[in-house]
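Nothing in this text is a laboratory measurement; each read-out follows from the coordinates by a stated rule. It should be emphasised that the depicted structure is a prediction, and the values quoted were computed from it without experimental measurement. With ideal geometry, Cβ positions are generated from the backbone for all residues, glycine too; neighbour counts draw on all protein chains shown.
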Amino acid sequence: MRRSDRATVGVVIGDPCGIGPEVVVKAWASRRLHALCRPVLIGSAAAVRNVIEQRGLEMKLRVIDAPERMTGRTGTIDIIDSGALDPADITPGADNLACGRATGVWLDEADSLARAGRLQATVMGPISSGAMQMAGVLDRVVQVRPGHSYLLLASGALRVAHLTDHVALREVSGLITADLIESALQTLDGVLRQWGMASPRIAVAGFNPHAKGAEEELHITPGIERARATGVDVTGPISPDTVFRHCIEGRFDIVLAMYHDQGHIAIKTTAFAGNVAVILGPPYPHVTVAHGTAYDIVGRGTADHSMILNAIVTAGSLAAGRAFPTLH
């Protein structure tokens, strides 16, 4: 794929019954996006139009059928609306099957366009897993599977990839193997280089207190040594109560955490607002937000758009090979 200074980023608006339409419109209205990427929305034009009208924004909405037809103007929101959702089926603040099904369609459309090279990156707005499950399309969301895909969270100087994600803690120990550690480190190193980080410095968190235990001795350390032998710049295992601070202070570019809460707590304690999530697995940058549909505040105009804004900026930066941007 040929890179350009401004990558084309497809932004799925998320579930139209939640705050997704509001936060994507606010991000667009910030006028920060077009200097860094070429954004195009994917989803319900009616849901986006409602936000524009409710907020009294002086913005135009233009429905297009392909990313190549976008205007590229900051004052005009370009949206691909394939007609997957009847506007009458939008029920603000509550799950429904029709919106869950439409969300699945929009995610499929974004993926197809990206795999065809017509989008260079995608962003997923806040979805409702409940609505998608009702519609039987929850599998459209990229799943994190150890050995195949990984979750990466970024907040300021702290970036954390996760060896495992939504796994019960008692099961994590059995999933940690030298093969998986080596594979994850090689994947992480390769993707970071592809995204523009010339010489990634990776730290590996231990699993046990002070990084001393059977998992470290039998699996984590051997996996690190194997990855290092292939040219990966990796250090560890480092005690999990200090490794994240080392990254924040600039000694490493990213930390490989062993399980969900080990990495999530560090990220969300450091700076919850504005953090972004990247899924390593698709052959293009796929970024999402770390919050849900927030049904309790739908329509109030108070939703914080910093996460979706940073997600779009991050997607554009990674796709253009500029590595992780400095976020505000």
DSSP-loop GluC sites (Glu not before Pro) across the stretch 179-284, with at most 12 other Cβ within 10 angstrom | 249
When the helices in the chain are scored as -39500 (n - 2.57) per DSSP H run of 4 or longer and the sum is shared across all residues, what 222 nm value do you end up with, to the nearest 500 deg cm²/dmol?
-> -10500 deg cm²/dmol
If you build a Gaussian network model of the chain, linking Cα atoms that sit under 10 Å apart, which residue out of 290, 29, 168 swings the most?
-> 168
Under Stokes-Einstein, the stretch 1-107 at 25 °C and 0.890 mPa s, with its Kirkwood radius over C-alpha pairs, diffuses with a coefficient in µm²/s of 174 µm²/s
Correct choice for Cα extents along the principal axes in Å that was computed from the model, options (i) 66, 47, 33; (ii) 59, 39, 33; (iii) 52, 47, 40 | (ii)
Take the alpha-carbon centre of the stretch 1-70, take the same for the stretch 246-263, and report the distance between them in whole Å.
-> 32 Å
Connecting every pair of Cα atoms under 10 Å apart in the chain and solving the GNM, the largest mean-square fluctuation among 204, 11, 63 falls on 63
Taking the dipole about the Cα centre of the stretch 150-269, with the C-beta of Lys and Arg at +1 and of Asp and Glu at -1, give me whichever of 209, 164, 267 is farthest to the positive side.
-> 267
In debye to the nearest 20, how big a dipole does the chain give about its Cα centre with +1 on each Lys and Arg Cβ and -1 on each Asp and Glu Cβ?
-> 1100 debye
When the Cα atoms of the stretch 98-158 are enclosed in a convex hull and the volume is divided per residue, what value in Å³ results?
-> 121 Å³
Give the span of the stretch 244-283's Cα atoms along each principal axis, as three whole-Å numbers ordered largest to smallest.
-> 31, 22, 20
Determine the shape class of the stretch 256-328: with a ≥ b ≥ c the square roots of the Cα gyration tensor eigenvalues, call it rounded for a/c under 1.5, and otherwise prolate if a/b is greater than b/c, oblate otherwise.
-> oblate
Karplus 3J(HN,Hα) series, Hz, for the stretch 134-151 with 6.51 cos²θ - 1.76 cosθ + 1.60 (x for Gly, Pro) = 4, 8, x, 10, 5, 5, 6, 6, 4, 8, 8, 10, x, x, 10, 8, 9, 9
Here Rg/Rh (Cα, Kirkwood) for the stretch 171-226 equals 1.03
Tilt relative to the chain, helix 45-55 - C-alpha long axis, 0 to 90 degrees, to 10 = 80 degrees
Nearest 10, in degrees from 0 to 90: the angle of helix 97-115 to the longest Cα principal axis of the chain is 70 degrees
P(r) weight above 18 Å for the stretch 150-269, C-alpha pairs, percent = 44 percent
What is the order of 122, 8, fewest Cβ neighbours within 10 Å to most?
-> 8, 122
Highest-fluctuation residue, 97, 107, 309 considered, GNM on the chain with Cα pairs under 10 Å = 97
